[in-house]
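The values are calculated or read from the model by the stated rules, or taken from the named source; none is laboratory data. Source: prediction; values computed, not measured. Neighbour counts are summed over all protein chains in view; Cβ atoms, including those assigned to glycine, are modelled from backbone coordinates with ideal geometry.
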Amino acid sequence: MKYLFCLTVLLSLFSCQKDAPPADTEETMYYPPNGSSTWETKSVSSLGWNTAAVQPLKDYLQQKNTRSFMILVNGRIVMEEYFNGHTKDSTWQWNSAGKTLVGTTTGIAQQEGLLQINNKVSSYIGTGWTSAPLTKENLITNRHLLTMTSGLNDSNNLVIVPNLTYMADAGTRWSYHNVFQKLMDVVAAASSQSYDAYFNAKLRDKIGMDGFWNNGIIFKIYHSTTRSMARFGILALNKGKWNNEQIINQPYFEESINSSQTINPSYGYFWWLNGKSSAMLPGSQTVYPGTLVPNAPAEMYAAMGAEDQRIYVIPSKKMVVIRMGTASDPANPVFALSGFDNALWEKINAVIN
């Protein structure tokens with residue numbers, strides 16, 4: 001009887017374990033509620049990171065004219081730092097990091113059937129939007145604008161018709177150019193409303209961002225709080241998904257974070273791509289061998305703007321990193337694939353590895 005009792009107990013325990021659901025060891029993604037200032041957090045120590053390396057990172061950020069800096073894992077804030085009087089309620093310009101907002105909005109318009117990225121630009125905004133011969137202008141598609149391969153003259157970034165002269169057939173030359181903003185005109189024409197109104201309804205308000213487009217000297221620039229930049233980073237980490245809604249369809253987003261052409265494999269649809277075999281940089285036709293940011297994960301894709309505005313996305317770590325501020329090197333403010341990115345990632349790696 002004693003052995004029978006023990007066997008019964010063991011069978012009972014086995015049955016309970018078998019019926020119990022498996023433990024969920026993977027933390028769920030967190031989406032900060034729209035319209036709320038609350039945001040879930042995690043500590044550096046809870047992730048097993050190196051707490052001793054946090055202060056050197058903060059010191060470096062402050063030395064390099066940073067206004068705000070965030071690290072998020074699974075959507076939760078791990079670090080949120082503000083410098084030089086900047087606060088979580090202060091707005092700052094994204095500069096060319098905001099191009100990724102335009103690329104995403106263009107993709108949304110395509111999924112709604114309003115436009116096709118492989119159609120020529122003049123189908124939406126009419127002919128004569130450049131000074132190129134009409135046969136050459138009609139070669140330029142929305143996709144060429146997304147990939148910086150319009151073939152238009154890049155010697156003057158002020159986007160007015162006299163400056164948009166022919167240099168090469170569309171698709172044959174990669175050149176970083178502010179002509180991308182013509183996509184705003186395409187979206188406006190295709191949606192029969194202003195670009196700003198369409199962007200606000202279809203992207204900004206959907207993910208709870210604040211911010212506004214401001215007419216800069218040479219193109220429209222987005223301004224927002226750091227947390228709003230982080231919200232867009234979370235959307236990018238999740239391949240266009242926000243909570244239970246696919247804001248931008250995943251196939252398009254996957255296209256945008258992969259090499260969009262063979263001339264500069266480190267460029268997608270306005271996203272900069274790490275870990276590629278070579279790269280070209282703004283203002284140059286030089287092809288540089290090797291990866292963009294050697295100290296950063298090879299899988300990283302990033303929104304990058306003048307004066308070191310940054311959204312870094314690292315999928316395997318479920319991590320987003322945000323940096324806003326003035327130029328880390330005031331002598332090199334225009335674009336920054338400068339040494340700043342590599343040095344910053346050396347400091348970040350000391351914390352997270």
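Quick one: in the range 59-82, of everything that is surrounded by fewer than 16 Cβ atoms within 10 Å (Cβ to Cβ) and not acidic (Asp, Glu), which residue is nearest to the chain's Cα centre (by Cα)? Spell out the reasoning first.
Filtering the range 59-82 down to residues surrounded by fewer than 16 Cβ atoms within 10 Å (Cβ to Cβ) leaves 59, 62-63.
Right, trim to not acidic (Asp, Glu) and you get 62-63.
Working: GLN62: 23, GLN63: 25 Å.
In this case the residue turns out to be GLN62.
Based on this model, can you work out whether SER259 counts as of a type in the set (Gly, Ala, Ser), part of a loop (DSSP other than H, G, I, E, B) and crowded, with 21+ Cβ neighbours inside 10 Å?
No, not satisfied.
Scanning the range 164-185 for residues that are in a loop (DSSP other than H, G, I, E, B) and among the aliphatic types (A, V, I, L, M), which turns out nearest to LEU114 (Cα to Cα)?
ALA170
Cβ-Cβ below 8 Å, separation at least six or inter-chain, first residue in the range 259-273 and at negative phi and touching a residue at least 60 places away in the same chain (Cβ under 8 Å), second surrounded by fewer than 19 Cβ atoms within 10 Å (Cβ to Cβ) and in a strand (DSSP E or B): which pairs?
Qualifying pairs under 8 Å: ASN264/SER278.
Looking at the range 167-197, which of its residues are among the β-branched types (Val, Ile, Thr) and surrounded by fewer than 19 Cβ atoms within 10 Å (Cβ to Cβ)?
THR172
Can you tell me which residues in the range 35-46 are modelled with pLDDT of 95 or more and within 24 Å of the chain's Cα centre (by Cα)?
TRP39, GLU40, THR41, LYS42, VAL44
Looking only at the range 193-211, filter to residues that are in contact with a strand residue (DSSP E or B) (Cβ under 8 Å, 6 or more places away or on another chain) and either basic (Lys, Arg) or in contact (Cβ under 8 Å) with a residue 40 or more places away in the chain (or both); which one of those is farthest from TYR301 (Cα to Cα)? So that I can check it myself, show each step before the final result.
Going residue by residue through the range 193-211, those that are in contact with a strand residue (DSSP E or B) (Cβ under 8 Å, 6 or more places away or on another chain) are 195-196, 199, 206-207, 209-211.
Still in the list and also either basic (Lys, Arg) or in contact (Cβ under 8 Å) with a residue 40 or more places away in the chain (or both): 195, 199, 206-207, 210-211.
Values: TYR195: 25, PHE199: 22, LYS206: 23, ILE207: 20, ASP210: 23, GLY211: 23 Å.
Per the criteria, the residue is TYR195.
Using the structure shown, decide if GLN250 is under 18 Å from TRP94 (Cβ atoms) and either out of contact with any Phe, Trp or Tyr (no Cβ under 9 Å at 6 or more places or on another chain) or touching a residue at least 60 places away in the same chain (Cβ under 8 Å) (or both).
no
In this structure, is MET29 in contact with a Gly (Cβ under 9 Å, 6 or more places away or on another chain), under 30 Å from TYR267 (Cβ atoms), at pLDDT 95 or above and part of a loop (DSSP other than H, G, I, E, B)? Reasoning before the result, please.
On the way: in contact with a Gly (Cβ under 9 Å, 6 or more places away or on another chain): yes; under 30 Å from TYR267 (Cβ atoms): yes; at pLDDT 95 or above: yes; part of a loop (DSSP other than H, G, I, E, B): yes.
It is true that MET29 is in contact with a Gly (Cβ under 9 Å, 6 or more places away or on another chain), under 30 Å from TYR267 (Cβ atoms), at pLDDT 95 or above and part of a loop (DSSP other than H, G, I, E, B).
Exactly one condition in (1) without any contact (Cβ under 8 Å) to a residue 24 or more places away in the chain; (2) part of a loop (DSSP other than H, G, I, E, B) is false for ALA188; which is it?
Unmet for ALA188, out of (1) without any contact (Cβ under 8 Å) to a residue 24 or more places away in the chain; (2) part of a loop (DSSP other than H, G, I, E, B): (2).
If you take the residues of the range 342-353 that are among the polar types (S, T, N, Q) and part of a helix (DSSP H, G or I), which of them is nearest to SER284 (Cα to Cα)?
Filtering the range 342-353 for residues that are among the polar types (S, T, N, Q) and part of a helix (DSSP H, G or I), the one nearest to SER284 (Cα to Cα) comes out as ASN342.
Please specify each residue of the range 135-163 satisfying the condition of being more than 20 Å from PHE270 (Cβ to Cβ), in a loop (DSSP other than H, G, I, E, B) and among the hydroxyl-bearing types (Ser, Thr, Tyr).
Matches in the range 135-163: SER155 only.
To keep it simple, each residue is scored yes or no on (1) touching a Pro at 6+ places or on another chain (Cβ under 9 Å); (2) of a type in the set (A, V, I, L, M, F, W, C).
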| residue | (1), (2) |
| --- | --- |
| SER194 | no, no |
| ALA197 | no, yes |
| ASP210 | no, no |
| GLY240 | no, no |
| ILE248 | no, yes |
| GLY275 | yes, no |
| GLY283 | no, no |
| THR286 | no, no |
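Those residues that are among the hydrophobic types (A, V, I, L, M, F, W, C), surrounded by fewer than 18 Cβ atoms within 10 Å (Cβ to Cβ) and assigned to a loop (DSSP other than H, G, I, E, B), I need them from the range 199-218; list them, please.
ILE217, ILE218
Picking from SER90, SER68, which residue would you name as being within 27 Å of ASP205 (Cα to Cα), at pLDDT 95 or above and touching a Phe, Trp or Tyr at 6+ places or on another chain (Cβ under 7 Å)?
Checking each option against the conditions leaves just SER68.
Could you list, in sequence order, the residues of the range 87-125 that are at positive phi and free of Cβ contacts under 8 Å to residues at least 40 places away in the same chain?
Going residue by residue through the range 87-125, those that are at positive phi are 95, 113.
The one that is at positive phi and free of Cβ contacts under 8 Å to residues at least 40 places away in the same chain: GLY113.
Check off (1) within 14 Å of LYS99 (Cβ to Cβ); (2) at pLDDT 95 or above for ARG173 and give me the number that stays unchecked.
(1)
Mind checking which residues of the range 208-230 are among the charged types (D, E, K, R) and modelled with pLDDT of 95 or more?
Passing the criteria: ASP210, ARG227.
What are the residues in the range 220-247 that are in a helix (DSSP H, G or I) and either in contact (Cβ under 8 Å) with a residue 60 or more places away in the chain or aliphatic (A, V, I, L, M) (or both), if any?
THR226, ARG227, MET229, ALA230, ARG231, PHE232, GLY233, ILE234, LEU235, ALA236, LEU237, listed by residue number.
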